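What follows draws every value from the coordinates through simple rules; no lab data is involved. The structure displayed is predicted, hence computed values, not measured ones. Ideal geometry is used to build each Cβ from the backbone, glycine not excepted, and the neighbour counts take in all protein chains shown.
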Amino acid sequence: MAQQLQCDVLVIGAGPSGSSAALRGAREGLDVILIDSKPRIGERPHCGEFVPYQLFMEFDLNRNSIVKQVDSLETWIMETKSDIQFKKSAIQSKGYLIDRPKFDRNLAREAAASGALTMSSTSFVDFEGNKSRINSVGENLLVDAKFVVAADGAYSKVRKKMGLEINDCLVGCQLEVPLNQNISNAMVFLDKDYYGGYGWLFPKGSTANLGLGMFPGRDITPAKALHNLSNMLIKNGLTRPGWLARTGGLIPCHGIRFPLVKDNVLFCGDAAGLTHPVTGAGISQAVYSGNVAGEYVAKAVKSKNLSLVNEYHDSILLQYGAIFRHALSKKILLVKGWEEEDFTELCEKTWISFKGYKKRERSF
C-alpha cells in the first residue's frame with residue numbers, strides 16, 4: 001500500500017505560478033505540498049526570460065535574478081532573407097531580462113522557508129478518487145488534499161487526466177548565443193517562415209537569448225528556421241557563431257483555458273492558458289494567478305466554505321479576460337491571413353508593436 005500524505009493544498013509544478021501559489025498558501029498558514037518533476041527546480045527554461053518592470057513592483061520578489069534592464073522592444077518584419085532590411089517598429093517596453101532558473105528557485109525557496117513541503121524529482125501520476133497519486137524519486141505516494149493547484153505547464157497532465165481540452169501550442173526552441181556588439185533593446189522578428197509565430201533576440205549582457213516559436217507541420221521546422229535566423233544575425237554582425245545553451249518547449253497561444261476551476265482543482269499559469277496569444281509572454285500572469293489561487297484556497301480552507309475557490313475564476317477573468325479576448329482575435333486574424341494577405345500589412349494589423357493592433361476585430 002502506498003504511503004499516504006495529507007495537506008490543505010497540493011501544488012503540482014514549481015514554476016512561477018506553482019511556487020507563488022505555494023508561497024501564498026504557506027504564508028496564510030496552510031499545510032502545503034509543492035512538487036516538481038525536475039531534479040532541480042527551474043532548470044532548462046525555454047522562455048525568452050523577459051518580464052515587465054511592473055512585476056518586481058507589484059510583488060515582493062528577490063531582485064538577484066535580474067540580469068539586464070531593457071527600455072524598448074523593436075519589431076522587425078522580414079522583407080529579405082539575407083540582410084537586415086526590414087520594416088521596423090519600436091515601442092517603449094521597460095522590463096528586465098532575468099535568470100529564469102534563479103527566479104524560479106528563489107520563489108520555491110521562499111515557499112519552502114515559509115513552511116511548504118517542497119519536493120523535486122516528484123511527478124503527478126493520476127487521481128485515485130479524491131486523492132492524487134504522485135511518484136517521488138521512484139516511490140508511489142497518495143496525497144489527500146482539500147485542494148489541488150495545477151501549475152504543470154502548457155501540456156498539463158492534470159488537465160489531461162481530468163479529460164479537459166489541451167489546445168495546440170507553438171513549438172519553441174532557443175539558444176543562448178554570444179553577442180558581437182552591445183544591444184540595449186529587445187528585438188522581435190516576424191517572418192513568413194515562422195508560421196503563426198515570431199523570433200526573438202533578448203540581450204543579457206555579453207550573450208542573448210535567440211529563440212523562435214511557430215506552429216509545426218510546415219516545410220521548414222522550428223529548428224531549421226532558428227538556424228537560418230542565427231546565420232542571418234551572424235552575417236549582419238549582431239551575434240557570433242556558437243551557443244552556450246539550447247532549450248525548447250511549448251508556448252500556449254490559444255487564450256485562457258476553461259474551466260479555471262473544476263471540482264477541487266484550480267489551474268494557473270500555462271496550465272490555465274495564461275500566456276499572451278500574440279507575444280507569448282506569461283511569467284507575470286503566472287505569478288499573479290498563482291498568488292490569487294493561493295489566496296482563494298486559503299480563504300476556502302479557513303472559512304470551511306470550499307465553494308469560495310470559484311471566485312478565483314472571476315478574479316482571473318477580471319484581470320485578463322478583455323486583454324486576452326482581444327489578443328486572441330488578433331492571433332486568429334494572423335493565422336487566417338498568413339498565406340493570402342500581404343505579410344507586412346498583416347503584421348501591422350496583428351502585432352502589438354504596431355498601431356493596427358489596437359483596432360478591435362469583430363466577434364469570432
| query | What number of residues within the stretch 129-175 are in contact (Cβ under 8 Å) with a residue 40 or more places away in the chain, more than 30 Å from residue 215 (Cβ to Cβ) and not charged (D, E, K, R)? | reply | 11
| Restricting attention to the stretch 106-145, and to residues there that are assigned to a loop (DSSP other than H, G, I, E, B) and among the polar types (S, T, N, Q), which single residue is surrounded by the fewest Cβ atoms within 10 Å (Cβ to Cβ)? | 130
